[in-house]
Structures are given as C-alpha cells and as structure tokens.
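A short reminder: the numbers here are calculations on the coordinates, not readings from a lab. Since the structure is predicted, the reported quantities are computational estimates derived from the model, not experimental observations. Cβ coordinates were reconstructed from backbone atoms using ideal geometry, including for glycine residues, and neighbour counts include every protein chain displayed.
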Amino acid sequence: MGAAASIIAAAISGRLTWQVFKNALTYTLRLTAVAMWIFIVALAFGKAYHALGAPPIDTRSLRPSAKRSIGYSHNDAVILLLSGDDSG
C-alpha cells in the first residue's frame, strides 16, 4: 500500500522516474522480507520449543474474567494466536 501511494504521489507531482519506482518497490520488498523472516523464525522457535518438551501455555489465565472488564488485551490475543490453542 505504501509503495502504491508513493508511486501515485510521485506521478501526480510529475517526479515519477524509473529510479523512484525502483526505490519504492525495493524498500517495500525489504520491509516485507524482514516481516516474513520474523514470522518464520518465530514459528520455528515455537516448534522447537514445543518439540523439546516445553509445557503448553496455560490459556485459562488468558480467558476473559470478571476481574477484567475489557476482555482480552492485545498481548493475550497474540499469545493465543501463536500458541495455536483452539480449545475455545
């Protein structure tokens, strides 16, 4: 989305050149690659951690309770997503 917006902005302002186009795509590719590596390494770490006998995350403590009026926090959602707990 950012690359498309920068290309459109450069085209509207009349400064769209091959170099601007190439830079926009290169920076987008780099950012996407970094994000994918972080995701891949996190998954690999989780699989290795689990394979070595790590105890499962106790998701009962992450469920909404009466003490927490707002329900899940952002951290809880990320932990539940990465733990793969589908017990409901």
query: For the range 1-54, max minus min Cα coordinate along each principal axis, in Å, sorted largest first?
result: 59, 16, 6
- request: Could you pull out the trypsin sites (Lys or Arg not before Pro) across the range 9-51 that fall in loop regions by DSSP (anything but H, G, I, E, B) with no more than 13 other Cβ atoms inside 10 Å?
  value: 15
